[in-house]
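Report on the following structure.
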Amino acid sequence: MKTLKWGVLGISGHYKLRVHRPLKGLEGAELYSIASRDTKRAAEAAEAFGFIKSYGSYQALIDDEGIDAVYLPLPNDLHLEWIKKAADAGKHIVCEKPLCMSSAEVDEAFAYCADKGVFLMEAFMFRFHPQWIKIKEMVDIGELGELKSIQCIFSYDNTDPRNIRNKAENGGGAMRDIGCYGVAVSNLLLGREPLSVQSLIDNDPIFKTDQLTSFMMDFGNCHSIVTVSTQLFDEQKIRILGTGGSVEVKVPFNTANDVPAEVTMRNGIDERTIRTPAVDQYRCEFEKFTEAVLNNDAGFFSMMEAFSKRNQKVIDSVFEAGDM
């Protein structure tokens with residue numbers, strides 16, 4: 001079986017905590033190189049994580065002809081720049097969410113990658129988890145009746161001024177970091193853009209990032225209401241309600257990889273708990289990406305492109321409506 005040789009741009013906490021293990025053990029993937037702006041730190045990371053090579057600059061990694069694909073977990077404001085540089089070097093790309101800082105940038109990123117003949121995917125890992133595949137199936141076959149309401153809350157408490165999520169110049173704030181998930185759920189289940197978006201935004205007086213954002217997406221026959229915050233008690237919940245039933249997702253996004261996931265389904269007859277197998281959703285994500293690249297599955301990447309474009313349009317609309 002052909003393998004993709006992976007390069008990782010940056011030594012992020014997210015990579016170390018959540019992505020490294022599933023990528024390392026993935027059939028069809030090889031940990032080839034990791035880069036940091038600090039040569040010593042890159043070498044230490046390569047040794048610790050089992051990479052063959054390390055580089056003291058992102059560009060040096062990009063220039064390595066042995067690399068087939070890159071994982072890009074850099075700060076949000078650097079995504080477009082390094083997507084284009086990776087595409088210039090012929091590398092396929094998995095980029096952390098949000099893909100870019102605006103719809104114009106997202107459009108540019110996909111057009112640029114298409115011109116260079118490489119595939120680009122935004123890293124929404126949750127959509128590859130079996131619990132969301134099951135929920136999507138339930139919605140599509142009409143088990144919930146006509147979908148009417150989607151409710152989401154996602155929050156954590158982080159007031160560290162050094163943290164990238166609290167730096168406005170790097171694209172920090174609740175909306176881009178976690179609000180994008182609330183948008184993505186409706187995007188996944190409904191597969192279309194809302195007719196309109198209303199929002200309320202409370203910016204931190206020091207960080208100038210949105211620390212509390214609430215917004216409603218009007219899909220005509222369905223409303224989706226989302227509240228996200230970087231300065232609240234840790235919480236994440238999803239409720240999906242239709243004319244024939246409802247689903248509550250116990251852990252919608254940060255799903256543990258060592259226990260089955262659970263959703264509660266209610267209808268006019270009974271209430272039941274639906275369990276899906278314990279999986280690592282990041283493994284599922286990179287597995288699908290690797291499979292699609294090796295099979296030259298343009299249809300899959302076209303679907304993911306449309307998904308990312310719809311998502312970013314809503315994020316733009318939330319900020320525009322909040323400034324009114």
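The values are calculated or read from the model by the stated rules, or taken from the named source; none is laboratory data. Just so you know, these numbers come straight off a predicted model, no measurement behind them. Counting neighbours? That spans all protein chains shown, and the Cβs are built from the backbone with ideal geometry, glycine included.
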Next on the checklist: Looking only at segment 255-274, how many residues end up being polar (S, T, N, Q) and loosely packed, with under 14 Cβ neighbours inside 10 Å?
Outcome noted: 1
Checklist entry - When residues of segment 56-76 are filtered for being touching a helix residue (DSSP H, G or I) at 6+ places or on another chain (Cβ under 9 Å) and surrounded by fewer than 18 Cβ atoms within 10 Å (Cβ to Cβ), how many remain? => result 4
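Which residue out of G245, G322, G268 is modelled with pLDDT under 95 and assigned by TED's automatic domain parsing to the domain that holds G179? Steps first, please.
Working: G245 fails: modelled with pLDDT under 95; G322 fails: assigned by TED's automatic domain parsing to the domain that holds G179.
Within the list G245, G322, G268, the selection yields G268.
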Checklist entry - Could you count how many residues in segment 246-298 are under 26 Å from L120 (Cβ atoms) and either in contact with a strand residue (DSSP E or B) (Cβ under 7 Å, 6 or more places away or on another chain) or assigned to a helix (DSSP H, G or I) (or both)? => result 19
Next on the checklist: Among the residues of segment 47-65, are any closer than 17 Å to H92 by Cβ, acidic (D, E) and under 22 Å from the mean Cα position of the chain (by Cα)?
Outcome noted: no
Item to check | Single residue of segment 126-152 satisfying the filter (farther than 15 Å from R275 by Cα and free of Cβ contacts under 8 Å to residues at least 24 places away in the same chain) that is surrounded by the fewest Cβ atoms within 10 Å (Cβ to Cβ) | outcome: I141
Checklist outcome for this item: Scanning segment 144-200 for residues that are assigned to a loop (DSSP other than H, G, I, E, B) and basic (K, R) gives R162, K167, R192
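Kindly indicate whether any position in segment 22-34 is small (G, A, S) and buried (at least 18 other Cβ atoms within 10 Å of the Cβ).
Going residue by residue through segment 22-34, those that are small (G, A, S) are 25, 28-29, 33.
If we keep only those that are buried (at least 18 other Cβ atoms within 10 Å of the Cβ) too, we end up with 29, 33.
Yes.
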Checklist entry - Taking strands (runs of 3 or more DSSP E) that do not extend beyond segment 13-105, which have at least 2 residues that are in contact (Cβ under 8 Å) with a residue 12 or more places away in the chain and either on the phi > 0 side of the Ramachandran plot or of a type in the set (S, T, Y) (or both)? => result 29-35, 53-55
